[in-house]
Structures are given as C-alpha cells and as structure tokens.
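The values are calculated or read from the model by the stated rules, or taken from the named source; none is laboratory data. Note that the coordinates shown come from a computational prediction; the quantities given were computed from them, not determined experimentally. No Cβ is skipped: glycine too gets one built from the backbone with ideal geometry, and neighbour counts run over all protein chains shown.
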Amino acid sequence: MVLFRNYYNFDSIFYATLTILLVVPNTDALICYQCNGCTNPFNANAPGVTQVTAERGEVCGKLMIGPIIIKGLRTICAGGLNHCELGPVPGTGGSGGVCCCNDKDLCNGLSFIRPCSILTVAIAVVAPFFVS
C-alpha cells in the first residue's frame, strides 16, 4: 500500500480532486420557488407559487418578516449560503430573517435551510493524515 501511495502521489491527487469539487461551480441551472405572501406551512401547489431559474450569481432565497413570507431569487445573502440569519426585525416588534440556499433545486421550499455540512469537508481534509 505504501508503494502504491508514493508512486501515484495519492495526496496530490486527493487535494486536486477536492479543490475541483469545492471550487468549480455547478453548471446546472438552479430552480427556485417564487411567491409573495407564501403560505405557512409552504404549499408548492398554492396559487401564486411559481418556479424560476436562477441566473449566474443568483441563489434561492426566503425572506420572513413576521407572518409574511416571500420566496424567490437573491443575489445578496446575510450570513452566507445554505444558512438562515434570523432575529428581531427593528420597528416591527416581530421576528424574521433571510435564508439563502443553492445546494439543490427548490431548496427554498423547505421550512428551514440545512446548514452546509462542515463535517463532510472536515473529514475529507483530515482523512489523508490518518491513511497510512
């Protein structure tokens, strides 16, 4: 196993592959839900709910201000991708937030956005140090 690893320079191949997977953007167009005053819980078949295709630089988003929910495309995301930034909304006495995602089609249809799996990336980076 050691000869195989040294001969093919496993570490270089592994890190090159990991870099390509993390840096090269997905070439498939992202599809998002779009609606103003969306129902809660969300119903993709409700009147006024459409599906839109994101352009370059756009992601799926969900804006919540108290009971008002707006879904659609966003170019600026507070807190980053695949993340929700929630808290009190100044001047309204209520709470709200912004969620952004680009991990799969129609991801803004979820009741919440799952955080990016940092554990998966950490395992991929640390694993070569434990391979003997």
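Can you name every residue in segment 76-104 that is polar (S, T, N, Q), loosely packed, with under 14 Cβ neighbours inside 10 Å and at pLDDT 80 or above?
Within segment 76-104, just Ser95 meets the criteria.
Pull up segment 40-62, narrow it to residues that are touching a strand residue (DSSP E or B) at 6+ places or on another chain (Cβ under 8 Å), surrounded by fewer than 19 Cβ atoms within 10 Å (Cβ to Cβ) and under 20 Å from Ser95 (Cα atoms), then point me to the one that is modelled with the highest pLDDT.
That would be Phe42.
Quick one: count up the residues across segment 56-87 that are part of a strand (DSSP E or B) and free of Cβ contacts under 8 Å to residues at least 24 places away in the same chain.
The number of residues fulfilling the criteria is 3.
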